[in-house]
Amino acid sequence: MARSDRSRAGGNTATGYAAGISMSTLGLIGSGHIGSTLARLGVAAGLDVVLSNSRGPETLAELVAELGPRARAATPAEAAAAGDWVVVTVPLKNYRQVPVAPLAGKVVLDTNNYYPERDGQIADLDTEETTSSELLQRHLPDAKVVKAFNNIFFKHLTALARPTGAADRTALPIAGDDPAAKALATRLLDLLGFDTVDGGTLADSWRFQRDTPAYVVPYAQNPQGLGITADDPGRSADAATLRTALAAATRG
């Protein structure tokens, strides 16, 4: 798999959940490879799923029919308003199109990766002054952004999901600035079939961005340098494996 393709390889407030309010709806802004995979995992976990994309709800009719009665299509603003968790999984170049007001107070899981060949050059990312998730957090000042699902090939996201307590359960990293939001993100990952490793703050999320040891390779059965082939069957990677990969990351 070429490096430029590997990202296709991702209600209630956090304090409300801490007080015992149920979280039951997954909103998706973007329904490509990662978004549709998360929708399938969400339905399998018993969540209601609200999908959206930039082309309109009618273009998601086939996917919604496949997913069944727990799923419906909506606009991005409607998906944002409906979700207890909301996943933003759009090309980074489009992050300013993500609706702001309906995401106030929400836990927003960001799957973005920076691909200059797709997104254009972004000076603050090129100079490593910030991270892509910090850009999204600036755009959504009243949301609680958590980086997640960006470091795994979408086929591996399907293949490696396991029930809680499974011996071969895979761990995924998260990063965020709000501890309660990270706790809610951890809950979602658990429901979808994954353990979680806390990768630090949004400023630390570079440790599992593109071309780092924690990016796609830990989940590959036959890694190709820092990449993988599209037909790689995947392998589980536990928390210890992922922590080692995160620690090995370097910048510059």
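Could you please tell me which pairs satisfy a Cβ distance under 9 Å, a separation of 6+ or placement on different chains, a first residue in the range 84-104 that is over 17 Å from residue 154 (Cα atoms), and a second residue that is acidic (Asp, Glu) and surrounded by 22 or more Cβ atoms within 10 Å (Cβ to Cβ)?
95/110
Considering the range 156-187 alone, what residues qualify as being among the acidic types (Asp, Glu) and either closer than 18 Å to residue 228 by Cβ or within 17 Å of the chain's Cα centre (by Cα) (or both)?
177, 178
Looking only at the range 137-154, filter to residues that are in contact with an Asp or Glu (Cβ under 8 Å, 6 or more places away or on another chain) and of a type outside the set (Gly, Ala, Ser); which one of those is farthest from residue 195 (Cα to Cα)? Even if it seems obvious, please write down each step before you answer.
The first filter runs over the range 137-154 and keeps only residues in contact with an Asp or Glu (Cβ under 8 Å, 6 or more places away or on another chain), leaving 137, 144-148, 150, 153.
Okay, now just the ones that are also of a type outside the set (Gly, Ala, Ser), so 137, 144-147, 150, 153.
Numbers: 137: 24, 144: 20, 145: 19, 146: 15, 147: 15, 150: 15, 153: 16 Å.
Selected residue: 137.
Kindly provide the set of residues from the range 42-62 that are farther than 22 Å from residue 108 by Cα and either β-branched (Val, Ile, Thr) or touching a helix residue (DSSP H, G or I) at 6+ places or on another chain (Cβ under 6 Å) (or both), ordered by number. Please lay out each step first, then the result.
Taking the range 42-62 as the starting set, the residues that turn out to be farther than 22 Å from residue 108 by Cα are 58-59, 61-62.
If the condition is that a residue be farther than 22 Å from residue 108 by Cα and either β-branched (Val, Ile, Thr) or touching a helix residue (DSSP H, G or I) at 6+ places or on another chain (Cβ under 6 Å) (or both), then 59 is the only one that fits.
Which one is modelled with the highest pLDDT, of the residues in the range 4-27 that are within 21 Å of residue 160 (Cα to Cα) and touching a helix residue (DSSP H, G or I) at 6+ places or on another chain (Cβ under 9 Å)?
26
Take the residues in the range 95-110 that are among the β-branched types (Val, Ile, Thr) and not in a loop (DSSP other than H, G, I, E, B); name whichever of them is surrounded by the most Cβ atoms within 10 Å (Cβ to Cβ). So that I can check it myself, show each step before the final result.
Taking the range 95-110 as the starting set, the residues that turn out to be among the β-branched types (Val, Ile, Thr) are 98, 100, 107-108.
From what is left, the residues that are not in a loop (DSSP other than H, G, I, E, B) are 107-108.
On the way: 107: 30, 108: 26.
Taking the candidates together, the pick is 107.
The values are calculated or read from the model by the stated rules, or taken from the named source; none is laboratory data. Not measured: the values here are computed from a predicted model. Note: ideal-geometry Cβ built from the backbone for every residue, glycine included; neighbour counts use all protein chains shown.
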